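In what follows, a single structure is set out as structure tokens and then discussed.
Each value in this text was obtained by applying a stated rule to the coordinates, not by laboratory testing. Computed from a prediction, not measured in an experiment: that's the story for all the values here. Cβ sites come from the backbone with ideal geometry, for glycine too, and all protein chains shown count toward neighbours.
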Amino acid sequence: MGKEKKLVSEITSRDVDFAQWFTDICTKAELIDYSTVKGFTIMRPYGQAIWENITKSLDDKFKKTGHENVAMPMLIPESLLQKEKDHVKGFAPEVAWVTHGGNEKLEERLCIRPTSETLFCDHWAHVLQTYRQLPMKYNQWCSVVRWEKTTRPFLRGREFFWQEGHTIHETPDEAKAETLQMLDIYADFYEKELNMPIIKGQKTESEKFAGAEATYTIEAMMHDGKALQSCTSHYFGDGFARAYEVKFADRNNGISYPFQTSWGISTRSIGAIIMSHGDDDGLILPPAIAPFQIVIIPIAQHKEGVLEKAAELKTRLESAYRVKLDDSDNSAGWKFSQYEMKGVPVRLEIGPKDIENNQCVLVRRDNREKIVVSLDNLLAEVAKVLEDLQRSIYQNAKANLDARTQSLNTMEEIIAASQAKDGFIKTLWCGSEECEKQMKEQAGLSSRCMPFGEQDNLEGVCPVCGKKASHRVIWGKAY
RNA sequence: CGGGAUGUGGCUCAGUUUGGUAGAGCGCUGCGUUCGGGACGCAGAGGCCGCAAGUUCGAAUCUUGUCAUCCCGACCA
């Protein structure tokens, strides 16, 4: 009965089989169910509640920075998709097509949106007339379809839910600033609310979004050392605007094309939460997005006064937190395990002995520490525990990131390191696509990003070709 | 799209080698006793064995086809 005893036997151990562990959590914590169509999942109430908390938080931030929500159609005519050639090339292989309406074959087939740049451009071409209307800063919450060959819950589905922001601006500088502002909002959200350390950077040419001039990314490291691209923010220049003929009368009464951005975060972020914080007993949810931050478990609840007291505590806590009281017939032990599996940050136990002593027991999900607290300063104690838990899970993830990140100079070192364990490898790079290809072939690594703030002091050579370096790149294996 | 595996109550699986009309554990329903780390007893419900042809007196079991899922690679929020 040591501390090491695994309480939740249904979940595969994380170190035995990380992929299986991940899938187990997705289903056992009741986040999702598989649907009958491959690659499509059903978001169950608990998973959806997490996603809703994510959307609420971000939607608020988007609105505070002047963005408006819209709703675009789900279908894109083939001819519309075709207008920007890089974009088509990037997405055409993985779109789903609608070819019939009822029994009638359509004149032109329609694709289910894989992303909505083309739709936004088409719309803007209709409504934009003057620089006075700029900027237009739009966002939509929706799902998109990409016909992926291999799929995994949250990480890669044929349909996934996300938010896509699309903006147009009068000047390149303004659009670039928007791109970076949104990246910062995401970064801040990941760090402060999902309690995950992240790396901001720019994608290389070969990894950037189809049709973009520059793609910025947030890369996070999962517990197993693999990278997860956690969101992206793109600067398009006026490439799409020209292709779709989005024009406006500028300040000099000439015709100009606006400069454009797009940025998105998806339900993949839930995968990131699972793989960053979870342990062998299940999920560990960051309090900011947990469907409920506190679960109250009454002990010996049939006894006089216990349920009443539990309900009273619930009312008190609800002033500041999302709280669930489980007064179901299941045993206390069963409930303990159940909510550990679901990652509820704090458990509150209240039983006859506690009531006698005007106290309750708080148990932290991350380290299972049991804290006896007086009911008189319950709210303050809960606040302290939640704060500490956030700091603690962040630091654990940070420790993993640090332990698995190394700077290397030669191919021998890189190949040896990538075979030894998964993680991030930082190197100089000459900037050529060929060397990226070689890195993939020789070391099995893809470029994750060119991290911000680390593009100075580029004295040295590319480890692949030996030519003078022009960038510093983080390499890794990606989900 | 290549390589491998698997389809049997809600879930995990046994039964297939040697054809004879389907089982276990968990879960679920009802009642009672329990309740500070996944409780127990009793009584129940639930499956034309992925689908379709074929062989046979008879198919979960043999044959052929087909569909789906999972794992490993190549491609990707």
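It is to be established whether one or more residues within region A:201-210 are touching a strand residue (DSSP E or B) at 6+ places or on another chain (Cβ under 8 Å), touching a residue at least 60 places away in the same chain (Cβ under 8 Å) and in a helix (DSSP H, G or I).
yes
Just checking, does region A:177-188 include any residue being part of a strand (DSSP E or B) and over 25 Å from A:E94 (Cα atoms)?
no
Would you pick out the residues in region A:58-73 that are without any contact (Cβ under 8 Å) to a residue 60 or more places away in the chain and either more than 18 Å from A:T115 (Cα to Cα) or aliphatic (A, V, I, L, M) (or both)?
Passing the criteria: A:D60, A:K63, A:K64.
Between A:W124, A:W147, which is closer than 16 Å to A:G165 by Cβ and either of a type in the set (G, A, S) or in contact with a helix residue (DSSP H, G or I) (Cβ under 9 Å, 6 or more places away or on another chain) (or both)?
On inspection, the qualifying residue turns out to be A:W124.
So how many residues does region A:28-44 have that are surrounded by fewer than 17 Cβ atoms within 10 Å (Cβ to Cβ) and either in contact (Cβ under 8 Å) with a residue 24 or more places away in the chain or within 11 Å of RNA strand B (Cβ to nearest atom) (or both)?
Count: 8.
Take the residues in region A:205-240 that are hydroxyl-bearing (S, T, Y) and within 12 Å of RNA strand B (Cβ to nearest atom), then tell me which one is nearest to the chain's Cα centre (by Cα).
Here the answer is A:S230.
Counting only residues that are surrounded by fewer than 18 Cβ atoms within 10 Å (Cβ to Cβ) and either part of a strand (DSSP E or B) or within 16 Å of RNA strand B (Cβ to nearest atom) (or both), how many does region A:113-139 have?
Qualifying residue count, region A:113-139: 1.
Condition check ((1) among the aromatic types (F, W, Y); (2) in contact with a helix residue (DSSP H, G or I) (Cβ under 7 Å, 6 or more places away or on another chain); (3) closer than 30 Å to A:D224 by Cα) across all residues:
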{"residue": "A:H277", "(1), (2), (3)": "no, yes, yes"}
{"residue": "A:I297", "(1), (2), (3)": "no, yes, no"}
{"residue": "A:E312", "(1), (2), (3)": "no, no, no"}
{"residue": "A:R322", "(1), (2), (3)": "no, no, no"}
{"residue": "A:D327", "(1), (2), (3)": "no, yes, no"}
{"residue": "A:S331", "(1), (2), (3)": "no, no, no"}
{"residue": "A:G343", "(1), (2), (3)": "no, no, yes"}
{"residue": "A:I350", "(1), (2), (3)": "no, yes, no"}
{"residue": "A:E356", "(1), (2), (3)": "no, no, no"}
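A:G264 - would you say it is out of contact with any His (no Cβ under 8 Å at 6 or more places or on another chain) and either part of a helix (DSSP H, G or I) or away from RNA strand B (no atom under 13 Å from the Cβ) (or both)?
When the stated conditions are applied, A:G264 does not pass them.
Please work out which one of (1) assigned to a helix (DSSP H, G or I); (2) surrounded by fewer than 23 Cβ atoms within 10 Å (Cβ to Cβ); (3) touching a residue at least 40 places away in the same chain (Cβ under 8 Å); (4) not β-branched (V, I, T) is the condition A:S276 fails and give its number.
(2)
Just to be sure, is A:I255 within 15 Å of RNA strand B (Cβ to nearest atom) and β-branched (V, I, T)?
no
Check region A:162-176 and report whether any residue there is without any contact (Cβ under 8 Å) to a residue 40 or more places away in the chain, under 30 Å from A:L283 (Cβ atoms) and charged (D, E, K, R).
No, every residue in region A:162-176 fails to be without any contact (Cβ under 8 Å) to a residue 40 or more places away in the chain, under 30 Å from A:L283 (Cβ atoms) and charged (D, E, K, R).
Looking at region A:304-383, what strands (runs of 3 or more DSSP E) fall wholly within it and have at least 1 residues that are more than 14 Å from RNA strand B (Cβ to nearest atom) and in contact (Cβ under 8 Å) with a residue 40 or more places away in the chain?
By residue number, no strands (runs of 3 or more DSSP E) qualify.
Determine if region A:415-425 includes at least one residue that is of a type in the set (S, T, Y), assigned to a helix (DSSP H, G or I) and either in contact with a helix residue (DSSP H, G or I) (Cβ under 6 Å, 6 or more places away or on another chain) or without any contact (Cβ under 8 Å) to a residue 60 or more places away in the chain (or both).
yes
Can A:K89 be described as in a helix (DSSP H, G or I), within 13 Å of RNA strand B (Cβ to nearest atom), more than 19 Å from A:S143 (Cβ to Cβ) and among the basic types (K, R)?
yes
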